[in-house]
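**Q** Here it is: the structure, laid out below.
The values are calculated or read from the model by the stated rules, or taken from the named source; none is laboratory data. Since the model is a prediction, treat every value here as computed from it, not as a measurement. Quick reminder, even Gly has a Cβ in these numbers, built from the backbone with ideal geometry, and neighbours come from all protein chains shown.
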Amino acid sequence: MAATWGLSLTAAALRAVTPWPRGSRLLAASYRPKALREASSSSPETDEGQIHLTDSCVQRLLEITEGSEFLRLEVEGGGCSGFQYKFSLDTVINPDDRVFEQGGARVVVDSDSLAFVKGAQVDFSQELIRSSFQVLNNPQAQQGCSCGSSFSVKL
């Protein structure tokens, strides 16, 4: 059974307080568990090699990206359980990147990270205390640590 863990991203103040260069702006992120959501995708495919974007993710990306910017999703080692998500805005597509586009919004994942998130959904959630991009329904994730800041993968 795949655990559903979301990645919280403070996006409300993204444009106002982000001093990073345009080429790659790191987005502040932390993990937290998230209830299952129904995601909508323009693609009827259920290919596990895909990343699916929810309507709220597409809408928010269209609001915050400028020109050739896109959302980069990476998985890196760290946290109690071994792996953590990292979101950033970027403009450079590398040769090993896969581009997932829906409705004009783009999410890019490198080939190494894709192995850890294939079949997952990227969502944008707005709540009273935060607004965040999240990885939901990741079929590659087995469980997360008790603090919700990392995940382990299925072997």
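**Q** Counting only residues that are touching a Ser or Thr at 6+ places or on another chain (Cβ under 6 Å) and small (Gly, Ala, Ser), which one in segment 70-115 is modelled with the lowest pLDDT?
**A** GLY79
**Q** When you scan segment 116-127, do you find a residue that is at pLDDT below 95, part of a loop (DSSP other than H, G, I, E, B) and farther than 28 Å from LYS154 by Cβ, even just one?
**A** yes
**Q** While we're here: What number of residues within segment 57-87 satisfy the criterion of being assigned to a strand (DSSP E or B) and in contact with a Gly (Cβ under 7 Å, 6 or more places away or on another chain)?
**A** Going through segment 57-87 one residue at a time, the tally reaches 2.
**Q** Just one of (1) out of contact with any Leu (no Cβ under 7 Å at 6 or more places or on another chain); (2) at negative phi trips up GLY119, so point out which.
**A** It is condition (2) that GLY119 fails.
**Q** Let me ask something else. Condition first: under 13 Å from HIS52 (Cα atoms) and of a type in the set (Asp, Glu). Now tell me which residues in segment 93-136 satisfy that.
**A** Matches in segment 93-136: GLU101, ASP123.
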